[in-house]
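The values are calculated or read from the model by the stated rules, or taken from the named source; none is laboratory data. Only a predicted model underlies this, so the values are computations on that prediction, with no experimental measurement involved. No Cβ is skipped: glycine too gets one built from the backbone with ideal geometry, and neighbour counts run over all protein chains shown.
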Amino acid sequence: MAGCRILLGAFGDPGHAFPMIALGRALAARGHEVTLQTWRRWQRQVEPEGIAFAPAPEYQVFPQGPEPLDFYEAVVHAAADTLPLVRELAPEVVVADILTLAPALAAEMDGRPWATLIPHVYPHGRPEHPIYSLGARMPRTAGGRALWRRAQPVVERGLERGRRELNETRARLGLPALGHVHGGISRQLAIVATFPQLEYPRAWPEHVHVVGPLMWEPPAHEDPLTVLGKEVVEDSEDERPLVLVAPSTAQDAEHRLLGAALRGLADAPVRVLATWNRRLPSRPLPVPENARVVDWVVYTRTMPRCRVVVCHAGHGTLVRALSCGCAVVACPAVGDMNENAARVDWAGAGVRLPRRFVSPRAVRLAVERALGEPSIGARAGELARWMGAHDPGGAAAELVERLAARALANR
């Protein structure tokens, strides 16, 4: 369709901002006028992608600082602050991240269609599915499925509470109450940006589309590999498999996983490249002969050369590794990392190592299994080939265009 105006809105955490930047880049490449509202920290990265930048309201929503707000109070303020931007841009469609309610609510206040981008697996499971984020795998038996069905009243009470709280917020903004749960997910269009192979079998609602991972990485102006790690990555004479240790940028402040991996793999027949992700450790790290530790790693340059990626199972790192054909050792820290680790284990493309078991010996055994079981590497290769044959950005952009076309046809 002809170029149209599209407003995107995303929480500033990389796991939410980066997929939205990837969508914005795809839309801009198709000739659309795209504006992204997110945190100021990403302005310098957003604008070179052909995307206009708008600063998102940034409120303190945790009990610290001089004027903390609770979550829904912050949403009310942010939606009111975003409404003038929506009216100024007059977009045909607004696309909001699943954690970023303000642009969606502002769009609804201005009578505009809106979609949701879900940058991970779909959080609304079926009754027979494990409770989301617990880290439990899909049951193999009828008895296991019945167990999760019996747990549904607990889930339903939580969802109902969320519905009431969201409806209170909507009332403060002059919007009608919703009769369904998961009201932060659009029923016009929900784009799920993950591998379909990580989704449990189900009948999908008509408005939900699993398009594949939307990946974007900040450009590397200074690649630290040229200083410390390049010889490990590019050593063509060393046939030992390369293992990348890529911990979270936000979790595990004491670098427990990083330290355990370096110790556990010290005398293993592998090469190790590890990063502390610009969060300097509080104590010296053990760096064995077969390893190099750098402050930052450019995944697009390193993962295609790796056999295994050891990580906390943040969705962005996980899908980047799988798209490069790397088996994953998933050591979840918190929240949806547990879900991601369970999904990659269920899909057969990696090994899950629960947080409580993280130790040098356990990490080594997990890496040995990831390298030693041919089915794991083969499955990771299947996902890489799927990614090579599909264009998630283009698929997501086309869905947004269809929503815009329906909106224009109904005017």
Q: Kindly establish whether Arg149 is within 25 Å of Val334 (Cα to Cα), surrounded by fewer than 18 Cβ atoms within 10 Å (Cβ to Cβ) and under 22 Å from the mean Cα position of the chain (by Cα).
A: no
Q.
Exactly one of these conditions fails for Leu318: (1) surrounded by fewer than 22 Cβ atoms within 10 Å (Cβ to Cβ); (2) within 14 Å of Ala384 (Cα to Cα). Give me its number.
A. (1)
Q. Taking interchain pairs and intrachain pairs at least six residues apart, which have beta carbon atoms under 7 angstrom, with the first residue in region 252-264 and more than 14 Å from Val329 (Cβ to Cβ) and the second of a type in the set (S, T, N, Q) and surrounded by fewer than 22 Cβ atoms within 10 Å (Cβ to Cβ)?
A. Glu254/Ser282
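Could you count how many residues in region 20-48 are crowded, with 19+ Cβ neighbours inside 10 Å and in a helix (DSSP H, G or I)?
Initial filter on region 20-48 (crowded, with 19+ Cβ neighbours inside 10 Å): 20-28, 32, 34-38, 42, 46.
Of the ones still in play, those that are also in a helix (DSSP H, G or I) are 20-28, 42, 46.
Qualifying residue count for the region: 11.
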Q: Identify the single condition in (1) under 22 Å from Asp81 (Cα atoms); (2) out of contact with any Pro (no Cβ under 7 Å at 6 or more places or on another chain); (3) surrounded by fewer than 16 Cβ atoms within 10 Å (Cβ to Cβ) that Ala17 does not satisfy, given that it satisfies every other one.
A: (3)
Q: Find all pairs meeting these conditions: Cβ atoms under 6 angstrom apart; at least six residues apart or on different chains; first residue within region 299-320 and within 23 Å of Glu373 (Cα to Cα) and β-branched (Val, Ile, Thr); second residue at pLDDT below 95 and in a helix (DSSP H, G or I).
A: Thr302/Val233
(Q) Can you pull out every residue in region 259-279 that is assigned to a strand (DSSP E or B) and among the β-branched types (Val, Ile, Thr)? (A) Val272, Thr275
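Table: residues versus (1) among the β-branched types (Val, Ile, Thr); (2) surrounded by 15 or more Cβ atoms within 10 Å (Cβ to Cβ).
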| residue | (1), (2) |
| --- | --- |
| Glu108 | no, yes |
| Gly111 | no, no |
| Ile118 | yes, yes |
| Met138 | no, yes |
| Ala142 | no, no |
| Arg157 | no, no |
Q. Here are some residues: Asp252, Asp223, Asp238, Asp267. Which one is modelled with pLDDT under 90, acidic (Asp, Glu) and either touching a Ser or Thr at 6+ places or on another chain (Cβ under 8 Å) or loosely packed, with under 14 Cβ neighbours inside 10 Å (or both)?
A. Asp238
